[in-house]
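Asks: This structure is in structure tokens; I'll ask about it shortly.
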Amino acid sequence: MKKRWFLFVLALIVFFPFQSSFANQGVKDVGKGSYSLQYPPIDFDSIGDPGYADQQKEPPETIFRTSNVDGPMPTNRWWSSLAVDPYANNHYAHPFSVRQNEKGLNVFYDAPHNVVVHENSEAGTWHIVGAISTDFTIGHSNKNNFNDAKVDDYGDWHVRSLAENDSSSLALTYGVGIPYIYAEYTGGHAVIDFPQNPQVWAEQGHVIGFSTHDNKHYAAFAPEGSNWTLNGQTWENPSEFISVAKLPDTRAETLALFGEHAYSVVRETRADYEVNHETNDVITTYSAETEEISGESGNGTLFALYPHQYRHLSAGNVIEGMDLFTYDSRRYEACAR
């Protein structure tokens, strides 16, 4: 197995707001910080409790994590519900939207037409959320009912979950800006279930290009020699590893490019920054470590960026002179390679 590092730098300019202090009897000062002695209000004008009251309680007694994870558990990450709930809440790991369940991982692409807007005209407010449904579910051939999913590893913008019963397990790695979901198995192999029959537009044995009923494009990759068996709404692959990519289009060259990097599993992600306090410039270096698996050659990986990131890439960045891909979304525009 080989490990390779890929670095790129984002140059951002930020403006630091002034700070003000005021007396608040409901705040407890601790060192240079403080914490509230009161729960925040949950009534927004005439909008009733949106479901937050149940969340205002003491930290959970059970943390859903494996022995690979120790120390204080972050509670402010996009994936933090994985540590406090048996299956977690929705995770918006753009370009994917995913949700853990007893069968595995529900996968969904939160495109602009899936946006849900809740308007309260009296309060003059809108609650805008991404829909979460199921384009397909990544599951396990020998387990249809895992008891829970635990945090098994995480970095600055990725997480790895582990669901296991007896001798069967399913480890899933995904993250913000990672256009792949990596699934690793013991005691069984890969299964993908669809609520409706997908459209297959590329079938190459171990690689399948497909689109869901609402014209969202994906590809499923297995190691060479492990061919997919397509049986209507249920697909199987005998491999103990697969990756699934969200594709920006159905071109053959796009499928080939994503296939070149489909076997480099993201194992570590880091964001390091330096601040120039005279100019308020912030230089952020993003780095990722990948592991090549299944005997495939190591080609590194692809990442997608938010608009504010790729518009401020430093000179000599990874995009210059290379193909630019975009994903349509209510908040996300991405480029790979």
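The values are calculated or read from the model by the stated rules, or taken from the named source; none is laboratory data. Please read these numbers as outputs of a predicted model, since none were measured by experiment. All Cβ positions, glycine included, derive from the backbone under ideal geometry; neighbour counts span all protein chains shown. Surface accessibility is based on the protein's heavy atoms, side chains included, excluding ligands, DNA and RNA. Shrake-Rupley method; radii C 1.70, N 1.55, O 1.52, S 1.80 Å.
Asks: For the subset of the range 91-114 comprising residues that are closer than 20 Å to Asn147 by Cβ and assigned to a loop (DSSP other than H, G, I, E, B), which member is least open to solvent (accessible area, probe 1.4 Å)? Steps first, please.
Replies: As a first pass, look at the range 91-114 and keep what is closer than 20 Å to Asn147 by Cβ: 91, 98-106.
From what is left, the residues that are assigned to a loop (DSSP other than H, G, I, E, B) are 102-103.
Numbers: Glu102: 69, Lys103: 92 Å².
Out of the qualifying residues, it is Glu102.
Asks: Additional query: Which of the residues spanning the range 17-45 are at pLDDT below 80 and open to solvent by less than 70 Å² (accessible area, probe 1.4 Å)?
Replies: Ile42
Asks: Another question about this same structure. Of everything in the range 122-164, what is modelled with pLDDT under 60 and either of a type in the set (S, T, N, Q) or part of a strand (DSSP E or B) (or both)? Give them in sequence order.
Replies: At the first step, the residues of the range 122-164 found to be modelled with pLDDT under 60 are 122-131.
Correct list: Thr125, Trp126, His127, Ile128, Val129, Gly130.
Asks: Got a sec? Which of Ile192, Ile181 is β-branched (Val, Ile, Thr), farther than 12 Å from Ala262 by Cβ and part of a strand (DSSP E or B)?
Replies: Values: Ile181 fails: farther than 12 Å from Ala262 by Cβ.
Matching residue, one of Ile192, Ile181: Ile192.
Asks: Then there is this: Within the range 253-289, can you find the residues that are of a type in the set (A, V, I, L, M, F, W, C) and part of a helix (DSSP H, G or I)? So that I can check it myself, show each step before the final result.
Replies: Looking only at the range 253-289, we keep the residues that are of a type in the set (A, V, I, L, M, F, W, C), and these are 255-258, 262, 265-266, 271, 275, 282-283, 288.
Those that are of a type in the set (A, V, I, L, M, F, W, C) and part of a helix (DSSP H, G or I): Leu255, Ala256, Leu257, Phe258.
Asks: Name the strands (runs of 3 or more DSSP E) wholly inside the range 195-252 in which the number of residues that are open to solvent by less than 20 Å² (accessible area, probe 1.4 Å) is 1 or more.
Replies: Working: elements: 199-203, 207-211, 217-221, 229-231, 234-237, 241-246.
Hits in the range 195-252: 199-203, 207-211, 217-221, 234-237, 241-246.
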